[in-house]
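Just below is one structure, and these are the notes that go with it.
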Amino acid sequence: MGLLNRDIELRLDLTDRCNLKCIMCFMGYEAGRDRTRHFDMTADFFEEITAEILPRVNILHLSAGYEPLLNKDLSAILSVIKKNNVPQVVMTSNLMALTDQTADLLTDGYIHELHVSMDAADKTIYEMIRQKSDFDRVVSNLEKINHLKLSKKSKYPKIVFNYVLMKLNFSYLKDFVDFAGSLGIREINCAEFRVPYNYQKDLLPVGSRGLPADFDLADQHIDYHSPEVKKELIETVKYASDQGIFLNVPYKFDVNGAGKLMRRKKQVAHLWEKSSLMTFRAKMAFGINYLKKYPTYRKVSCSFPWRQMILTATGEVLPCCTWSGAPSMGSIHEEPLAKIWNNEKYLRVRDGIRNGNYPEACKQCIVGMRKRHGI
Ligand code: SF4
């Protein structure tokens, strides 16, 4: 059965471009980068580098940070993916660059989940966070996709919102639930805000689109242990749930458990709830391979290096998307992806996590510290 060995979640970039300059993204702080040279994945190159690994991929994410709709070869790349029968294909986009042609592609069943990055239903706040964006255009593009799905009687793509939770937009979350509901969107993923590894305050576009002159991104962390924050989150999760919307607040915090990390049983229940977006084949592959690797998973605080690969636009491979700026596991320009998956560096990271000897890049991560929290 082809699903037996589909045990890898692969996340990759199809380009190294983005049309926005969001204040919480590392791209806004790449001072000195040569912007005249770009990388765009071609379908031939995509087929070549993923030939060995794609038959092992259960979930394929088409974006590790950059904007996939800017890739000119998208249609041919999606055909390669379809040929390999990948069970779950997820695309993350800001949806600004949607054209009639890409809207058609997205609703033709190539993409199962479309994650749209939006961080407020308030035009001013949204455009302040996502500099260079246009709130009205994104809303109209969402409506276009909904309309096409309806006319093609297609259930794909299932649309999910990605909301980076910061002090700036925390109080707008409840309104955003209503906004999602008005578009028939049933899931909102709130990502925990992290200051980009290359952040420089003097590169913030202060004054642009209302961003206050004294604004500092480093002050945008939310204190998830504060009673007010917990109360607000619990109420908002409930408010969303009453409307049939799954509001996924930073997953390692159990909002019903006084801000503690989630216990494993709750994590599984949480994963199950999220799996409503997955195709039947993806659920089967995920379940089979989860059970196969369970003896390992039950002993470690973080399972990412056993099930996930990130391929950046420069060809570097990372075990986790929070590793930006940290040493990579290898480069596809030197070693095939399938070899990198079990090369010495990957094995060393797995050993380190298994033995509580965390790699440097994991030391600040609360998932990696679960054992130190005693759960
Ligand atoms: S411990 Fe944290 S940083 Fe390390 S691989 Fe897991 S999620 Fe990523």
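Among residues of region 358-369 that are under 13 Å from Gly325 (Cα atoms), those with a beta-carbon under 6 Å from a residue that is part of a helix (DSSP H, G or I) and modelled with pLDDT of 70 or more at least six positions away or on a different chain give the pairs Ala361/Trp323. Could you say whether any residue in region 38-52 is in contact (Cβ under 8 Å) with a residue 24 or more places away in the chain, closer than 24 Å to Phe161 by Cβ and in contact with a helix residue (DSSP H, G or I) (Cβ under 7 Å, 6 or more places away or on another chain)? No. Hey, does region 66-88 have a residue that's surrounded by fewer than 22 Cβ atoms within 10 Å (Cβ to Cβ), in contact with a Gly (Cβ under 8 Å, 6 or more places away or on another chain) and of a type in the set (D, E, K, R)? Among the residues of region 66-88, not one is surrounded by fewer than 22 Cβ atoms within 10 Å (Cβ to Cβ), in contact with a Gly (Cβ under 8 Å, 6 or more places away or on another chain) and of a type in the set (D, E, K, R), which makes the answer no. Scanning region 363-375 for residues that are modelled with pLDDT under 70 and near the ligand (Cβ under 10 Å from one of its atoms) gives Gln364, Ile366, Val367, Gly368, Met369, Arg370.
So which helices (runs of 4 or more DSSP H) are wholly in region 276-362 and hold at least 1 residues that are surrounded by fewer than 15 Cβ atoms within 10 Å (Cβ to Cβ) and within 16 Å of the ligand (Cβ to nearest atom)? Outline the logic, then answer.
On the way: elements: 280-297, 304-307, 337-340, 344-354.
By residue number, 280-297, 344-354.
Within the set of pairs 6 or more residues apart or between chains, which connect a residue that is touching a residue at least 60 places away in the same chain (Cβ under 8 Å) and on the phi < 0 side of the Ramachandran plot inside region 97-108 to a residue that is of a type in the set (A, V, I, L, M) and part of a helix (DSSP H, G or I) with Cβ atoms less than 8 Å apart? Listed by first residue and then by second, the contacts come to Ala97/Leu69; Ala97/Leu70.
Which one is modelled with the highest pLDDT among residues in region 200-233 that are part of a helix (DSSP H, G or I) and surrounded by 14 or more Cβ atoms within 10 Å (Cβ to Cβ)?
Filtering region 200-233 for residues part of a helix (DSSP H, G or I) gives 201-203, 208-210, 217-219, 227-233.
Next cut, surrounded by 14 or more Cβ atoms within 10 Å (Cβ to Cβ) only: 203, 209, 217, 229-230, 232-233.
Values: Leu203: 91, Arg209: 90, Leu217: 95, Val229: 88, Lys230: 83, Glu232: 90, Leu233: 89.
The extreme case among them is Leu217.
Within region 89-101, the set of residues being polar (S, T, N, Q) and surrounded by fewer than 19 Cβ atoms within 10 Å (Cβ to Cβ) comprises Thr99, Gln101.
Hey, does region 33-45 have a residue that's under 19 Å from the mean Cα position of the chain (by Cα) and crowded, with 21+ Cβ neighbours inside 10 Å? Full working, then the answer.
Restricting attention to region 33-45, the residues satisfying the condition of being under 19 Å from the mean Cα position of the chain (by Cα) are none.
Checking region 33-45: not a single residue is under 19 Å from the mean Cα position of the chain (by Cα) and crowded, with 21+ Cβ neighbours inside 10 Å.
Here is a list: Asp119, Asp104, Asp178, Asp134. Which entry is buried (at least 22 other Cβ atoms within 10 Å of the Cβ) and not aliphatic (A, V, I, L, M)? Give the steps one after another, and end with the answer.
Numbers: Asp104 fails: buried (at least 22 other Cβ atoms within 10 Å of the Cβ); Asp178 fails: buried (at least 22 other Cβ atoms within 10 Å of the Cβ); Asp134 fails: buried (at least 22 other Cβ atoms within 10 Å of the Cβ).
Among Asp119, Asp104, Asp178, Asp134, only Asp119 is buried (at least 22 other Cβ atoms within 10 Å of the Cβ) and not aliphatic (A, V, I, L, M).
Do we have Asn19 as more than 30 Å from Leu203 (Cα to Cα), polar (S, T, N, Q) and not in a helix (DSSP H, G or I) here? When the stated conditions are applied, Asn19 does not pass them.
Assess whether Tyr172 counts as being of a type in the set (Phe, Trp, Tyr) and exposed (fewer than 15 other Cβ atoms within 10 Å of the Cβ).
Numbers: of a type in the set (Phe, Trp, Tyr): yes; exposed (fewer than 15 other Cβ atoms within 10 Å of the Cβ): no.
So Tyr172 does not fit the description; no.
The values are calculated or read from the model by the stated rules, or taken from the named source; none is laboratory data. In this text, all values refer to a predicted model and were calculated from it rather than measured experimentally. Note that we place each Cβ from the backbone using ideal geometry, even for glycine, and neighbour counts take in every protein chain shown.
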